[in-house]
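Below: the structure, in structure tokens.
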Amino acid sequence: MEISTSILSVEMENATTVFYNLETAGTDYFHIDVMDGKFVERDTTELMYDYANTIKHISNIPLDVHLMVENPKEHIDKYLSLEPSIITFHYEACKSNEEIIEIINYIKQNGVKPAISIKPNTDISKIIDFLPLVYMILVMTVEPGKGGQKLIPEALEKAKEISKTIESKKLDTYIEVDGGVNKETIETVKKANVDIAVAGNAIILAENFKEAIKELK
Ligand code: DX5
Ligand code: ZN
């Protein structure tokens, strides 16, 4: 299982040092939480773009961009110039299945891996048809909006279900879980057959990033 470190709660004054230290500590991805103040209350659009841009200049670790925004297309265009590895948009932000397919194709055409995310209350039946079309499904295990929340076990069950479907359909779609992942919950996350676990506070608030990542892995 790979670890994607959410940099949502990194403070501005020492951000560059923190990014450098996260790379040294062995994070597999930098998870960029883009919030537009509409899809969720908080607006991190400027801060996250600034952070992602800084990381792009100092590191080769791939960017894992999580768009919690009402208008994915607008933000995808902005992030494409930073050549991220993965761009995830939300099922709930889209008006129709046609729009979802259009966004998936747009991300793919630009050489980036597309992923779709579902909030804790969204049923997995909504995204099953897209499994063969996307690189990854991001299962939110907290309500999107802020870091440091408690993992919702029922949401994690959905990751397990999706993993079973992927296996039965012989697909190779990745599963990412995001929210409330820490050393107490990581065992249950692993049991859900997750490929990438996002961790914010569990790493950023730890005294030693390397130990924190090692412990999660
Ligand atoms: C929540 C974000 C998550 C979150 C993770 O809206 O998408 O990436 O910040 O933070 P922790 O690991 O602290 O729950
Ligand atoms: Zn996230």
Open item on the list: Can you sort 22, 171 by solvent-accessible area, 1.4 Å probe, largest first?
Closed with: 171, 22
Open item on the list: Taking the solvent-accessible surface of protein heavy atoms with a 1.4 Å probe, what is the per residue accessible area of the chain in Å²?
Closed with: 47
- [ ] Heavy atoms only, probe 1.4 Å: what % of the accessible area of segment 2-216 goes to carbon and sulfur, would you let me know?
- [x] 46
- [ ] May I ask for the longest run of the chain untouched by GluC sites (Glu not before Pro) that are loop-located per DSSP and have at most 16 neighbouring C-beta atoms (other than their own) within 10 Å?
- [x] 71-183
- [ ] Using only alpha carbon pairs under 8 Å that are at least six residues apart, calculate the relative contact order of the chain and give it in whole percent.
- [x] 22
TODO: Keeping all protein chains in position, work out how much accessible area residue 142 exposes to a 1.4 Å probe, and write it in Å² to the nearest 10.
DONE: 10
Open item on the list: Give the separation of the Cα centroids, segment 40-119 to segment 160-217, in Å.
Closed with: 20
TODO: Would you check the accessible area of residue 123, probe 1.4 Å, heavy atoms only, in square angstrom rounded to 10?
DONE: 90
Task: Anisotropy class of segment 2-216 from Cα gyration tensor, a/c 1.5 cut - done: oblate
TODO: At 0.36 nm per residue, minus the direct Cα-Cα distance, what do residue 58 and residue 43 gain on full extension? Give it in nm, one decimal, please.
DONE: 2.9 nm
- [ ] Step through the table entries 160/191; 73/126; 113/146, compare each Cα-Cα distance with 18 Å, and write down the pairs that go over it.
- [x] 73/126; 113/146
TODO: Report the Stokes-Einstein translational diffusion coefficient (µm² s⁻¹, integer) for segment 12-125, Rh taken as the Kirkwood radius over Cα pairs, at 10 °C with viscosity 1.306 mPa s.
DONE: 108
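The values are calculated or read from the model by the stated rules, or taken from the named source; none is laboratory data. Since the model is a prediction, treat every value here as computed from it, not as a measurement. Quick reminder, even Gly has a Cβ in these numbers, built from the backbone with ideal geometry, and neighbours come from all protein chains shown. Side chains are part of the model used for accessible areas, which takes the heavy atoms of the whole protein and leaves out ligands, DNA and RNA. Shrake-Rupley method; radii C 1.70, N 1.55, O 1.52, S 1.80 Å.
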